[in-house]
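Structure record follows, encoded as structure tokens.
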Amino acid sequence: MKTLILGGTREARDLAAIASGEQGFDVVSSLAGRVRDPLLPVGAVRVGGFGGVDGLREWLVANEIEAVVDATHPFAGIISAHVAAAAADLPLVHLRRPSWSEQPGDRWIRVPDLPTAAKTVAAQGNRVFLTIGRQGVGVFAGLTRPWFLIRAIDPPEVTLPPKHELLLARGPFTVADESRLLADRRIDLLVTKDSGGDQTDAKLTAARSAGLPVVMVDRPPLPEGAVVLENVAQVWDWLRSAAEQSG
């Protein structure tokens, strides 16, 4: 069964490694191309956009795709919506790791989106640790009072806040390192997206230990009626079942 995995996450790479080694599966992974030096999955890989819903639909037909797994980042809302429209006639599942859960001692401020996060920072942040990736950093560019520590894998290509330090790094990170970073930079507010998983959750433990508030940006909703599974094992079972039904 020819399968498209929309990837860029550890779960997508794990799934590609499993499926590529199984007889009866022909897997191609697609990466958005937003990271300069991405971690590549096993097997065939394509990099770049599809050209919207119509372009993706044409690509699926031209490449005779029989099943699609959306294993993109939980905040990749646009491609998730596009694939739901383009692959309406194909077996489609969305692989989404569980959201983070608030623990005793946490001081989370949940917000629906980045603009609301920026308003929260403007009201109460002085020295802010911004860990949202590079895509949405420009939302904070107009905030002239707070100082920002901005961490991303690649340099943002947007206007940055006037007072900032840019830290280029790729997780996973340890609690000890995150605690040291918060203390060294005298951080008083953490801003992050609810990405889930254990690759970057050490900052939450460090913030909890330090008693710092955390502005937690909620995930965008998935398309109505989406089939959602939480881990690679569940999706692999789903893929094998889809292959049996198709063959």
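Things to note:
- Counting other Cβ atoms within 10 Å as a rough exposure proxy, the listed residues Thr205, Thr192, Thr144 run Thr144, Thr205, Thr192 from fewest neighbours to most.
- Derived scalar couplings ³J(HN,Hα) [the stretch 30-37; Karplus, 6.51 cos²θ - 1.76 cosθ + 1.60; whole Hz; x for Gly, Pro]: 10, 10, 5, x, 7, 9, 5, 10
- DSSP-defined antiparallel bridges as percent of all bridges, the stretch 28-175, nearest 5: 0
- Radius of gyration (Cα atoms) of the stretch 107-217, expressed as a multiple of 2.2 N^0.38 Å: 0.95.
- Cβ-placed point charges (K, R +1; D, E -1), dipole of the chain about Cα centre in debye, nearest 20: 1200
- Label-point gap, in nm, between Asn126 and Trp59 - each point 7 angstrom along Cα→Cβ: 4.8
- Considering only alpha-carbon pairs that sit under 8 angstrom and 6 or more positions apart, the relative contact order computed for the chain is 21 percent.
- Residue-count net charge about Ser209 - beta-carbon cut-off 14 Å; Lys, Arg +1, Asp, Glu -1: 0
- In a fully extended conformation the segment linking Val228 and Glu22 would gain 71.9 nm over its present Cα-Cα distance, using 0.36 nm per residue.
- Projecting the Cα atoms of Asn63, Ala44, Gly7 onto the charge dipole of the chain (Cβ charges, centred on the Cα centre) puts Gly7 farthest toward the positive pole.
- For the stretch 149-200, the Kirkwood estimate of hydrodynamic radius, built from reciprocal distances between every pair of different alpha carbons, is 12.5 Å.
- Cβ-defined net charge surrounding Val61, 14 Å radius [Lys, Arg +1; Asp, Glu -1]: -3
- Modelled this way, with points 7 Å down the Cα-to-C-beta line, the labels at Lys163 and Ser209 are 2.7 nm from one another.
- Each part gets one Cα centre, and for the stretch 32-47 versus the stretch 183-247 those centres are 20 Å apart.
Every read-out reported here was derived from the displayed coordinates using simple, explicitly stated rules and does not represent laboratory data. Note that the structure is a prediction, hence the values are computed from the model and not measured. All Cβ positions, glycine included, derive from the backbone under ideal geometry; neighbour counts span all protein chains shown.
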